[in-house]
Ligand code: SF4
């Protein structure tokens, strides 16, 4: 859902700032795209386990529009009885009435973009809401009956100190959201933040402080009863995001709308495709009955192995499971990649009987770890 009330200066997503999104037109395009793709890919009546409305800001849609999108999607597939339906919410776009409407439309889970709980940081991030609006959105979500509500937070914000971050984590864990996602602020090229902060990270917390913030979050949230199940994600037991977990576990997914990515693990080593990014270009193409797909690729065995490695290591406790990897590729991860010895002796990964997991030190260095592993014979 590529529309936002206000464009945040750190965001490189191709969303459009608008006071009123063309929601009816957009919803019709999603249905039209779905009809075309399910027909072409033979996906009619496929099982539907999870649905995720992400953005942009999908919560600027009215509950009626969300209901029509969900009804339409459900009608194309065989939805599971416990279908997980997540809606991303920006605090400035909802009130109790709207959240109640989303719940009636079939949304079962919310992901609320707090980002920070200090107005100084929210202003710096250019967010369109205050900390109070975030807390109000969360309590309205509870009042509307949501028993599965997550919160997104950012750290390493300009000017943020370790004690600021500690205070944020305390306030958030006291709310007991079922899920917490944490992202370190990244400075993306082409954004206003890039011009402001790229040269020497002036005003940004140092990399050491950023690492301390991450480990502080891990320690505080796990002490508060949260499971650290994925590098950036924590949940109360049983409340892992089923949708995101299915990406990390290599399940099929179908993406609709501009910039959406799709993946099928068959034929052979899997294939993926993605849509063009421009929202209006997307709608024009779909309305003309043309495909909005920008590109497709079939994965090679090597690419599929690298992807399984990367996704597996992101799962903090489950790790990269050696059995399924070996079954799929005919080689264990230890046989497929070189570089493990150095990582093991540096204490970055740990080899258990049935899986490989990142250590506490390794969690901070996933990208470096992936660079040190290379496919044998490649
Ligand atoms: S609300 Fe989200 S998608 Fe929209 S501009 Fe801000 S960060 Fe980007």
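For the reader, a short list of remarks on this structure follows.
- On the stretch given as the range 233-256, residues that are surrounded by 18 or more Cβ atoms within 10 Å (Cβ to Cβ), touching a strand residue (DSSP E or B) at 6+ places or on another chain (Cβ under 7 Å) and in a loop (DSSP other than H, G, I, E, B) total 5.
- Residue 224 in contact with a helix residue (DSSP H, G or I) (Cβ under 7 Å, 6 or more places away or on another chain) and surrounded by fewer than 17 Cβ atoms within 10 Å (Cβ to Cβ): yes
Here's the yes/no breakdown for (1) modelled with pLDDT of 95 or more; (2) within 16 Å of the ligand (Cβ to nearest atom); (3) under 22 Å from the mean Cα position of the chain (by Cα):
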| site | (1), (2), (3) |
| --- | --- |
| 35 | no, no, no |
| 39 | no, no, no |
| 52 | yes, yes, yes |
| 63 | yes, no, no |
| 76 | no, no, no |
| 86 | yes, yes, yes |
| 98 | yes, no, no |
| 107 | yes, no, yes |
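- Segments classed as helices (runs of 4 or more DSSP H), wholly inside the range 45-136, with at least 1 members that are in contact with a strand residue (DSSP E or B) (Cβ under 8 Å, 6 or more places away or on another chain) and closer than 15 Å to residue 152 by Cα: 119-124
- Test result for residue 9, within 9 Å of the ligand (Cβ to nearest atom), farther than 17 Å from residue 75 by Cα and surrounded by fewer than 17 Cβ atoms within 10 Å (Cβ to Cβ): yes
- Residues that are surrounded by fewer than 20 Cβ atoms within 10 Å (Cβ to Cβ) and either more than 30 Å from residue 30 (Cβ to Cβ) or in contact with a strand residue (DSSP E or B) (Cβ under 7 Å, 6 or more places away or on another chain) (or both), drawn from the range 283-308: 293, 294, 295, 296, 297, 298, 299, 300, 301, 302, 306
- Just one of (1) in contact with a helix residue (DSSP H, G or I) (Cβ under 7 Å, 6 or more places away or on another chain); (2) buried (at least 19 other Cβ atoms within 10 Å of the Cβ); (3) more than 23 Å from residue 55 (Cα to Cα) fails for residue 229. It is (1).
- For residue 152, the conditions (1) within 16 Å of the ligand (Cβ to nearest atom); (2) closer than 28 Å to residue 315 by Cα; (3) in contact with a helix residue (DSSP H, G or I) (Cβ under 6 Å, 6 or more places away or on another chain) are fulfilled apart from (3).
- So residue 24, is it away from the ligand (no atom under 16 Å from the Cβ) and either assigned by TED's automatic domain parsing to the domain that holds residue 151 or closer than 19 Å to residue 147 by Cβ (or both): yes
Yes/no per residue for (1) closer than 16 Å to residue 318 by Cα; (2) within 22 Å of the chain's Cα centre (by Cα):
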residue	(1), (2)
203	no, no
209	no, no
212	no, no
218	no, yes
223	no, no
226	yes, yes
232	yes, yes
238	yes, yes
241	yes, yes
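- Selection count, the range 119-135, where residues are in contact with a helix residue (DSSP H, G or I) (Cβ under 7 Å, 6 or more places away or on another chain), away from the ligand (no atom under 15 Å from the Cβ) and closer than 24 Å to residue 235 by Cβ: 1
The values are calculated or read from the model by the stated rules, or taken from the named source; none is laboratory data. A quick note: this is a predicted structure, and the numbers were derived from the prediction, not measured. Neighbour counts run over all protein chains shown; Cβ positions are idealised from the backbone, glycine included.
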